[in-house]
Structures are given as structure tokens and as C-alpha cells.
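The values are calculated or read from the model by the stated rules, or taken from the named source; none is laboratory data. Since this is a predicted model, take the numbers as computed values, not measurements. Glycine also receives a Cβ, built like all others from the backbone with ideal geometry; neighbour counts cover every protein chain displayed.
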Amino acid sequence: MDEKSPHPRLYYAAATGFGALLPLGFAPFGLSLLPILSLIGLLAIWQKTDRRQTLLSGWFFGIGLYAVGASWVFISIYVYSATPLPFAILLTALFIAIMGFITAIQGYFFHLLGLNRMMLLGFPALWVAVEWVKTWLFTGFPWLYLGYAMMDTPVEGFAPITGIFGISFMTAFASTLCFILLRQIIQPSPKLKWAALGTASYFIAVPAAGYFLQQTTWTEKISDTPLSVSIIQGNIPQEIKWDVKFRDAILNLYKERTEASWGSDIIIWPEAAVPAFEHEVSDYLNTIDQHAKNQGSSLIMGLAIMQYLSEGHFLFYNSIRSVGQGSGLYHKQRLVPFGEFIPFENQLRGLTGAFDLPMSSFTRGDENQAPLLAGKHRIAPYICYEILFPDLVARTSRNAEILVTISNDGWFGHSSGPAQHFEMARMRALETGRYLIRATNNGISAIVDPKGKVTHLAPSFVETTLDGEVYAMQGNTPFMNWGSKPILSLSALILLSFAALSITRKIKQNPALQTEEEPGSR
């Protein structure tokens, strides 16, 4: 579409629709081919738009993506944050618009770099670059990455080598191949035969290679003796979790549930299972610690810790502590904006409940924290959405034998959020070749094996205990050694090369940019 096109709004509407298709490839839907179709549609639009229209269509694509894929944001703001409905709608719309604008910038650079003429490598490289930006922009929101749509398909076999970004690259590459083939079918070209052959070969070779890689064992058991695990899922309603009137009842629930699990090698309580600061319930925790020691169990629990600095000055941490036969303390590194810390706190607090949540003044933990211990076994701990950061997990799991992630997905309600969160956590088990134990307040609590497969699963939204087994693993996958650097470097090299080609082309096409005299004319 050029500027003479009479109906640009139709393209914006189509872009919104294609964006809305992409999340259907993720859990709980798992329609893995829809993201490929989604990107084919986006490319079709970007092929026909000028720079401004590409930016706008990219924005609408992002709006569709996050309106469907992150609709749970409204539940968190409205249902659990005491925010009036009009303001909750406004905040949700603002979040979607801001996140959608990232895709708008992506469209702008697609046009600026002339990737419509060399999209086969350029589009996947740009897509991966933008996903990487999402890991740190606004402190990081690594949600809805394209590669997650390939979970439970043979392509997931590449995860221990390339990580999630590599799978995103391959998926975007598949979409680009399909678009080029469709374009040549609609407008017959001498290259049609080669495009068809290349596309068919890719769709055969990549899943076949992925299937072969699924059979490859990257890590190995330290011992043939499994470790028994008990996950306590309290199912505490979000509305009462931090109400002091219910504190004793919540503590008794976890104590009684745990009594039936003493003797398990590892017992896990979810994020912030203890609804108070550690020092406020020290007698209770000392009793739990002693029982765990006596019963030969390691108990790993989520709790909040207040550290005294000076009169009137404190630090607050969202933490995990291992007690009983275990030891160690971990402070969360990746905090959730507005949930665990408030940007522009002095200006925003008090405007609405969404900016004044319980436990929303946490301090970031140190990057180099030692693993927790459960008996003699090293545990790599992650709290809530920390498990979504592939390179963080790859780095911290090198010195660990088991992954443990605790979360409180009660903020998601009955939305697609918990299923998306769990799917991304499963990818980390696959990337690292480690067993993953996931304990949540109300689901999804589960045990995942090193192939990313669920071995034990608790029903959601019920108070229950999930018993299962894991093995301590040793050895590193290639991804643990390299991280995302190879695929990110490749993407950067591709984009820089295309940027240089684009600049060169513009200089040749515009005499005004060239020097008036040829070199050596004097």
C-alpha cells in the first residue's frame, strides 16, 4: 500500500487481527501454526505500506497481540487491586498501547532498513532483536515470545542449543519463507519452483532435526536414586492473603499440610507463603525448621524479609529460604514493576490501589547469589517471573542440580496467564536439562523433567499437596555454556549488514549525498 491507497484503515484492522492470532499459539490454546500465519499477514501488510503506515500497522499488530495475550493485566488491576473500573480500563489500555508501540518501532526499522527487499534473514533477525529488547526495556517484560509456540512440537528440540531466541528466529524464518512462496504463487515468478522446494525442505528438515535433538541427552543423573518432593499449594484467596486477621489461619494451614509430608526430601511452599515479614513470625519458623531437621526434610519457602539499616530506614526483599536439612537465602533479582516496586513512587502512590499493593516496595537482590541447599543438593531458585529470563536461568543453573521456581499466580485469576507462565517455565527446564519444581499458591504447581515434559501436575484452584520425584542432574547444555549470545550476535550482524547496504543504496540513489569531486580529481 502506498500513500494513494484509499483504505489504510483496513490494513490497520487486519494488523490488529493478525496480532490477536499470535497468542493463540501459546498455552492454553497451543495452536502452533497460528503464529506463523500471524507473521505472514504482518509481512503482507508491511510489503504494501510506506514508513508511517508500517509504523502504525505495527502498533495495531502489537495492540492485538497484547490485548489478547496479556488480557490478564486487567484482572490484576481491577479484580485484585481495588481500582475503579474506568481507571482499570484506562490503565490496561495504556499498558497495551505502550507494549504495542514496541512492534510499531519494529515496523519502522523494517521499512527504514529496506528489509522488504531482503526479508528472508532480515525479518527474523529484527524479530529476535525486538524480543531481546523486551528482556530489559521497562525493567523487562519477556512475555509472548514467538518461540514458545513451538513447545510440544519437534522444534523444541533446539532449545538446549539455541534457547528461546533461536526458536523464535526459526519460527519467524518459517513465516518469511511461506510469505515469499505465497507472493510468488500470486504473482508467478521463475523462482517459484525454488521457493516451493526451499520452503518444503525447511518444513521437513527443521522438525526432523528437532526430533533427533529431542532424543539427545545433554545432562545426566548424579544418582539413580530419586529425591522425593512435596509441593504445598495453599490456594489462599488473594483478597485475604495479607489481611492480619487471617495470618494465623494461613500459617496453620501450611503447618498442617506440611506435617503430612515430613520425610519428603524436599518440601516446597509457594511465593510469599508466609504472610508476614520473617522477623514477625520467628517462633513459628523456628518450630518449622526444627521439625524439618528432625524429619530429615529440606523445606524451601517463600517469604518477605525486612533488613534494618538505620533508624527509620529499611530494605524489603521478596525471598526464598531453605531450612531443616537445607540452608541458604535468596533475594529476588528481577522485580515486577508496579507489583513489587513502584516507578516514580512519590508521584504515583495513593492514586489508586494498583499503585499501593501490599508488599510493593521491594529491593532488588544481588546478581551473584549462591544456590540454595537441599541436603547436599544445590538448588537454583527463581521467584515468579524470574523464570522467564532465559540467560538469567542459564547462568545461575550452571552450579545447580535442580531448578525451583515459586510463584503466586493468584493475580491472574481464571485467565490464560497461569498457563502461559507455566509454559515458559517448562522451556527453562528444556534449555538447561534440569528437573524443574514449580510451587504456586493456586496453580499451576507441577514437576517438569529435563525434556520439558510434565511428570506431576496438581489441579488448580484447590488446596492440595502434590507429591512426586526428581533427580539431581549434572552437566551443561550448549545453551547453558553460550546463552543467547550466538543468536543475538547473528541477528545483530544481519541487521548491521543490511543497515550498511541500505545506507550505501541511498547514497547511490541520491547524488546530493555524494561528494562533488571524484577522489584523485585534483
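For residue 135, are the conditions met, namely being polar (S, T, N, Q), touching a helix residue (DSSP H, G or I) at 6+ places or on another chain (Cβ under 6 Å) and not assigned by TED's automatic domain parsing to the domain that holds residue 393? When the stated conditions are applied, residue 135 does not pass them. Inside the range 263-284, residues that are part of a helix (DSSP H, G or I) and touching a Cys at 6+ places or on another chain (Cβ under 8 Å) make up a count of 0.
When the test is whether a residue is of a type in the set (A, V, I, L, M), closer than 22 Å to residue 31 by Cβ and surrounded by 14 or more Cβ atoms within 10 Å (Cβ to Cβ), residue 213 does not pass it. Restricting attention to the range 114-141, which residues are closer than 18 Å to residue 69 by Cα, crowded, with 19+ Cβ neighbours inside 10 Å and modelled with pLDDT under 95? Within the range 114-141, 135, 140, 141 meet the criteria. Going by the conditions given, is residue 361 modelled with pLDDT of 95 or more and not assigned by TED's automatic domain parsing to the domain that holds residue 83? Against the criterion (modelled with pLDDT of 95 or more and not assigned by TED's automatic domain parsing to the domain that holds residue 83), residue 361 does not qualify.
Among the residues making up the range 89-101, those that are in contact with a helix residue (DSSP H, G or I) (Cβ under 6 Å, 6 or more places away or on another chain) and under 19 Å from residue 15 (Cα atoms) are 95, 96, 99, 100, 101.
Cβ separations smaller than 6 Å between residues 6+ apart or across chains give the following pairs from the range 40-51 residues that are crowded, with 22+ Cβ neighbours inside 10 Å to residues that are of a type in the set (A, V, I, L, M): 45/15; 49/1. Figure legend. Inter-residue proximity from the range 292-305: first residues in a loop (DSSP other than H, G, I, E, B), second residues among the polar types (S, T, N, Q), beta-carbon distance below 7 Å, spacing 6+ or different chains. Indicated pairs: 296/325; 297/264; 297/325. Assess whether residue 264 counts as being assigned by TED's automatic domain parsing to the domain that holds residue 471, farther than 23 Å from residue 306 by Cα, within 28 Å of the chain's Cα centre (by Cα) and among the hydroxyl-bearing types (Ser, Thr, Tyr). No, not satisfied. Of all the criteria given as (1) free of Cβ contacts under 8 Å to residues at least 40 places away in the same chain; (2) crowded, with 24+ Cβ neighbours inside 10 Å, the one not satisfied by residue 374 is (1).
Of all the listed residues (418, 459, 450), the sole one being crowded, with 22+ Cβ neighbours inside 10 Å and without any contact (Cβ under 8 Å) to a residue 60 or more places away in the chain is 418. The conditions of being of a type in the set (A, V, I, L, M) and either in contact (Cβ under 8 Å) with a residue 60 or more places away in the chain or surrounded by 20 or more Cβ atoms within 10 Å (Cβ to Cβ) (or both) are met by residue 222. Of all the listed residues (17, 64), the sole one being within 24 Å of the chain's Cα centre (by Cα), buried (at least 23 other Cβ atoms within 10 Å of the Cβ) and not charged (D, E, K, R) is 64. Selection over the range 330-349 of residues that are within 17 Å of residue 384 (Cβ to Cβ) and either in a loop (DSSP other than H, G, I, E, B) or at pLDDT 95 or above (or both) gives a count of 11. Scanning the range 240-282 for residues that are among the polar types (S, T, N, Q) and either touching a His at 6+ places or on another chain (Cβ under 7 Å) or under 22 Å from residue 80 (Cα atoms) (or both) yields nothing. Would it be correct to say that residue 248 is out of contact with any strand residue (DSSP E or B) (no Cβ under 8 Å at 6 or more places or on another chain), among the acidic types (Asp, Glu) and assigned to a helix (DSSP H, G or I)? Yes, satisfied. Residue 218: at pLDDT below 95 and part of a loop (DSSP other than H, G, I, E, B), yes or no? For residue 218, the condition - at pLDDT below 95 and part of a loop (DSSP other than H, G, I, E, B) - is not met. When residue 199 is tested against (1) modelled with pLDDT under 95; (2) in the same structural domain as residue 36 (by TED's automatic domain parsing), just one condition goes unmet, and that condition is (1).
Residues that are touching a residue at least 60 places away in the same chain (Cβ under 8 Å), more than 21 Å from residue 61 (Cα to Cα) and more than 14 Å from the chain's Cα centre (by Cα) within the range 122-158 comprise 152, 153, 154, 156, listed in sequence order.
Just give me the residues in the range 186-242 being in contact with a Gly (Cβ under 6 Å, 6 or more places away or on another chain) and of a type in the set (Gly, Ala, Ser), in sequence order. Hit for the range 186-242 is 210, nothing else. Scanning the range 119-177 for residues that are out of contact with any Lys or Arg (no Cβ under 9 Å at 6 or more places or on another chain) and among the polar types (S, T, N, Q) yields 135, 153, 162, 168, 171, 175, 176.
For the range 360-419, residues that are of a type in the set (Val, Ile, Thr) and outside any strand (DSSP E or B) total 4. Taken over the range 424-465, the residue count meeting the criterion of being outside any helix (DSSP H, G or I) and either not charged (D, E, K, R) or not assigned by TED's automatic domain parsing to the domain that holds residue 385 (or both) is 27.
The residues on offer are 65, 91, and the sole one that is closer than 30 Å to residue 119 by Cα and among the aliphatic types (A, V, I, L, M) is 65. In this structure, is residue 185 closer than 22 Å to residue 452 by Cβ, out of contact with any Cys (no Cβ under 7 Å at 6 or more places or on another chain) and assigned to a helix (DSSP H, G or I)? The answer is no for residue 185.
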